[in-house]
Amino acid sequence: MKVVRTSKFRHVFGQGVKADQCYDDIRISQMTWDSNFCSVNPKFVAMIVDASGGGAFMVLPLSKTGRIDMSYPTVCGHTGPVLDIEFCPHNDNIIASGSEDCSVMIWEIPDGGLTTSLTDPVVKLDGHSKRVGILSWHPTAHNVLMSAACDNVVILWNVARGEEVVRIDTVHTDLIYSACWNRDGSRILTACKDKFLRVLDPRKGTVLLEKEKPHEGSRPIRAVFVSDGKILTTGFSRMSERQVALWDPKNFGEPLTLQELDTSSGVLLPFFDPDTGVVYLCGKGDSSIRYFEITDEAPYVHYLSMYSSKESQKGIGSMPKRGLEVNKCEITRFYKLHERKCEPIVMTVPRKSDLFQEDLYPDTIGPEPSVEADEWFQGKDAPPIMISLKDGFVATTKAKEFKVHKSLLKTTTASAGNQQDSSGVRRLKIILMLRFGFRLFQKSCSGGM
């Protein structure tokens, strides 16, 4: 008799929300690029959209469901199609975008969303010579952003200063398929078209570990760090079957497990939840989301179930834990992009009790950074600052937001002397005074603005 493995996630099920809770009549970008095309946080959902002459993305307050008017404002400062967008984990109003125009731009979205289209970023980061297709904010350091482009270069930016600090340009010999951080941002993991998986020291830009041909096939590979420093990869076999594998970097010779899934052609985008140990595999062009539990016992990656629907996904975003409804036992919420709409999909653990389920919601990563950009670039690592979800997540204070705005605005005024007239600087100072009161404004001036 076969004993069924016990797991509290065995019965997790996914459900699309009702039609009136979707975001409708949005023309999602038709670009062929394997990024998520969607980013979401407890305030906003952002989606890359079709744009004539340039690139654009739309940012909607979560509550703005239903039909979106054709004339709804967009973020449209790029001169080429937008390829990737990502909200800052430490400030829900800040979002980064990478484009075919070779630039990275940082935008500030006002509370309540846009009333007019945004064309001027808070910061523009120029350093790549080809299109920028991958962006990833540092998980614990404030205002540190990683970008990777089709010039095979990875750049680490100090966004508050608008500066390129680390340039990794001799490691990757071909197109970079994926690049991500580990939990405290002390390591970077990349997958490359040259068939190498690499673990890098982000500040030195050196290769610490590498694995050749984690998957035998020639199609794109994706890789993410999971629990205990292990690495999960998705890729293809020689026969173009889709695979998922788990690796222990201390012993890169053989995978802990390698499983064949199907023969679809879409790249599998992995979303790992460190709180539950569940990884969700979302294929671009698929109409399903498979999910697995990662444990310490063989075969290590345990298939749980699959969410299936009729419509294929053009992109997908995942809500941070602090934006979920814990009283409904919601453990993940995806925002699935169709051709003309965005549909939230709620993943739930069925429980009879209405009480807070402590086993489903251990302390999770909060929005406070644990180290400033300058300290991190000088060598200081810090674990994430955790929060409890027991009483529902409470938004961060105004003081924290002021700190972020001030450092970002500092960049704008520093470059303003060269590029703008002084009236632009005066206008920024007036905005600061109006928003944060005169005393805070005086403090920021004495702080070197």
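Return the only residue of 183, 219 being part of a loop (DSSP other than H, G, I, E, B), surrounded by fewer than 23 Cβ atoms within 10 Å (Cβ to Cβ) and within 21 Å of the chain's Cα centre (by Cα).
Working: 219 fails: within 21 Å of the chain's Cα centre (by Cα).
Matching residue, one of 183, 219: 183.
With (1) of a type in the set (Gly, Ala, Ser); (2) under 18 Å from residue 22 (Cβ atoms); (3) open to solvent by less than 10 Å² (accessible area, probe 1.4 Å) as the list, and residue 283 as the residue in question, which single condition is left unmet?
(2)
Could you give me the residue pairs with C-beta distances under 6 Å whose first residue belongs to the stretch 350-371 and is touching a residue at least 60 places away in the same chain (Cβ under 8 Å), whose second residue is among the aliphatic types (A, V, I, L, M) wherever it lies, and which are 6+ apart or on separate chains?
Listed pairs, sorted by first residue: 360/349; 361/326; 361/389; 368/385; 370/382; 370/385; 371/141; 371/382.
Starting from residues that are in a loop (DSSP other than H, G, I, E, B) and among the hydrophobic types (A, V, I, L, M, F, W, C), keep the ones in the stretch 138-170 and report whichever is farthest from residue 186 (Cα to Cα).
Of the residues in the stretch 138-170, the ones in a loop (DSSP other than H, G, I, E, B) are 138-140, 143, 150-153, 159-162, 169-170.
From the residues that got through so far, the ones that are among the hydrophobic types (A, V, I, L, M, F, W, C) too are 150, 153, 159-160.
Details: 150: 24, 153: 19, 159: 18, 160: 20 Å.
Within the stretch 138-170, the match that is farthest from residue 186 (Cα to Cα) is 150.
Cβ-Cβ under 7 Å, sequence separation 6+ or interchain: first residue in the stretch 69-83 and within 17 Å of residue 96 (Cα to Cα) and open to solvent by 50 Å² or more (accessible area, probe 1.4 Å), partner in a loop (DSSP other than H, G, I, E, B) and modelled with pLDDT under 95. Which pairs?
Close Cβ pairs (under 7 Å, with a partner that is in a loop (DSSP other than H, G, I, E, B) and modelled with pLDDT under 95) amount to 79/54.
Kindly state which strands (runs of 3 or more DSSP E) lie completely within the stretch 293-401 and contain at least 3 residues that are farther than 30 Å from residue 30 by Cα.
Working: elements: 301-308, 315-318, 330-337, 341-348.
It comes to 301-308.
Considering the stretch 249-287 alone, what residues qualify as being within 25 Å of the chain's Cα centre (by Cα) and in a helix (DSSP H, G or I)?
Once the filter is applied, which keeps residues that are within 25 Å of the chain's Cα centre (by Cα) and in a helix (DSSP H, G or I), the stretch 249-287 yields only 249.
Do any residues in the stretch 298-311 that are at positive phi have Cβ atoms under 6 Å from those of residues that are of a type in the set (Val, Ile, Thr), where the two are at least six apart or on different chains, and which pairs are they?
Taking only residues 6 or more apart or on different chains, the pairs are 300/257.
Could you check the stretch 192-230 and list, in sequence order, the residues that are of a type in the set (S, T, N, Q) and farther than 13 Å from residue 172 by Cα?
So the first thing to find is which residues in the stretch 192-230 are of a type in the set (S, T, N, Q), and the list is 206, 218, 227.
Listed by number, the residues that qualify are 218, 227.
List pairs: first residue in the stretch 149-178 and over 26 Å from residue 235 (Cα atoms) and open to solvent by 30 Å² or more (accessible area, probe 1.4 Å), second residue part of a loop (DSSP other than H, G, I, E, B) and at pLDDT 95 or above anywhere in the structure, Cβ distance under 9 angstrom, at least six positions apart or on different chains.
From the stretch 149-178, the pairs are 161/143; 164/127; 165/203; 167/127; 167/153; 167/205.
If residue 266 meets every condition in (1) at pLDDT 95 or above; (2) within 18 Å of residue 35 (Cβ to Cβ) apart from one, which number is that one?
Status for residue 266: all satisfied but (1).
The values are calculated or read from the model by the stated rules, or taken from the named source; none is laboratory data. It should be emphasised that the depicted structure is a prediction, and the values quoted were computed from it without experimental measurement. Here Cβ is always computed from backbone atoms with ideal geometry, including for glycine, and neighbour counts include all displayed protein chains. Ligands, DNA and RNA are stripped out before the accessible areas are found, and what is left, the full protein with its side chains, is counted by its heavy atoms. Shrake-Rupley method; radii C 1.70, N 1.55, O 1.52, S 1.80 Å.
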